[in-house]
1. With the contact rule set at Cα under 8 Å and sequence spacing of 6 or more, what percent relative contact order holds for the range B:27-138?
2. Taking the Cα atoms only, what angle lies between the long axis of helix B:182-191 and the longest principal axis of chain B, rounded to 10 degrees?
3. Hey, what angle do you get for helix B:231-262 against the long axis of chain B, alpha-carbon based, 0 to 90 degrees rounded to 10?
4. Return a whole-number percent for the relative contact order of the range B:125-266, with Cα pairs under 8 Å and 6 or more residues apart as the contact set.
5. Given a 10 angstrom Cα cut-off, can you work out which residue in B:147, B:105, B:286 is the most mobile in a GNM of chain B?
6. Cα convex hull of the range B:139-226: mean projected area in nm², to one decimal?
7. Over the whole of B:221-228, what's the average partner chain Cβ count within 10 Å per residue? Rounded to a whole number, please.
8. Between B:178, B:70, B:220, where does the largest GNM mean-square fluctuation fall for chain B, given springs only between Cα atoms within less than 10 Å?
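Since every read-out is calculated from the coordinates, none of them should be taken as a lab result. Keep in mind that what you see is a predicted model, and the values were worked out from it rather than measured. Ideal geometry is used to build each Cβ from the backbone, glycine not excepted, and the neighbour counts take in all protein chains shown.
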Amino acid sequence: MQHPAFEEVTYHHHTDDAEFKRRVRKTTILLSIITVIELGIGLAIYSMHKSNQDREFLILLFKGVVCILTLAKAYYIVSVFMHLGDEIRNMIMTIVVPLMLFIWFIAAFIWDGNSYKNLRNKYDKHFEETTMPKKHHGEETHEMKPADAPGKKD
Amino acid sequence: MANTATTHQTKWWTGGKSPFNLEYGKLMMWYFLMSDAFTFGAFLISYGSIRFSQNFWPDPNVVFNAFPGAGHANLPLAFVSVMTFILIISSVTMVLAVHAGHKGDKQGVMKWLAWTIVGGIAFLSCQAWEWHHLITGQHAVLATDADGRQFIDIIGQTMGGNPWGQVVDHAQAQSALAASSHETLVHLVHEYPTQAAAGQSLEALEKMPASQLAGMVDVAHAHIREKGPIAFGGYFFGITGFHGFHVFSGVVINIIMLLMTQRNVFQNRGHYLMIEKAGLYWHFVDLVWVFVFLCFYLI
């Protein structure tokens, strides 16, 4: 279809109906399957927490897999549903390149939070004793006071 | 400069045509969404930063395990997966509305937009139920009064506190029961009676002295916890609230688009590009939910 109001738009994506329907169906099924897998992993993590076994590495691995699956979902939504994949490469780059800032953004702030925890555990023994998860029940515990909560809220 | 370009290539930058082959409004919608992605990203990263600074963080499966009409049944992840699928499906109907717009099919646009609006309202209703359930929930937590004495309190999840800390061991919970208020004890005995105390009516419990009630609570089933990290409630309500506000504004935009379509505004204009812009916004809302779902419910 021509867009008389926008002469500067030189060509239009031609999507024939059958091809479009096939693509939307495929993407919907993919998103649903990925979500179901994510839910399965979430429940697996839950049962591991519950059985209280020492599987910290496996839980971490599962969480990593869920993160990757989420990125895959994001890719399909942006590229197919939002049609970014069909745009001109230069335009895609003006969106994607600035988003690279997230690589630093996530890494730096997670690192910072983790370092804050380590420093507090080292120098504030009260914080460590009152908040560190107990592997075995017993010993005396204190309630966590508001003063122990992070002071670095935004 | 234009002369240097080879003739068989499109001369994108010589003027008269859009170098990105997009009309202005749609391109600007993309840049708005990019900035909005940074806003949401900053919120989620701030949440991650605080979470990594804590030794203990609540397990989402303990917090989000309720389902409307299922009472106290433990159904982790069930309700949020319903919400996720509602949003995915409403995203699909939006794609179909945009596609109908490409073909200039007014009836198609209206039909699929209407379904998208239904999906958006359904999602918002789910979120309203979930918030209500969390805020009004009654969970037993170990609290400390001004004199440093421990007692059991009944709280829900709010910005000021939440009941999702670590489970308190039985002996400690039992001793804290002695210092708890009569009202709290009646509630606990009513919800978690020991076998010997089962079957007592609420009226009968009200008349009993606190010292007697304290011995009638089945501490093992009451799951008495410490208070959780305060930041948990604020981040949850703040970020899901900000996302819910986006869904709400998306629904409003879609309703406006539906009315404009119905009044032939786009038909007279000759194109349905506004539907594409509204569609981009709606898909973005779905995209953000994917990450909110990941950060709050899955990991």
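1. Details: 63 pairs, mean separation 18.3, N = 112.
Across the range B:27-138, relative contact order equals 16 percent.
2. 70
3. Once rounded, the angle reads 40 degrees.
4. Details: 181 pairs, mean separation 39.8, N = 142.
Relative contact order of the range B:125-266: 28 percent.
5. The residue with the greatest mean-square fluctuation here is B:147.
6. Working: hull surface 22.9 nm².
Value for the range B:139-226: 5.7 nm².
7. On the way: counts 0, 0, 0, 0, 0, 6, 5, 2.
Partner-chain Cβ atoms within 10 Å, mean over residues of B:221-228: 2.
8. B:70
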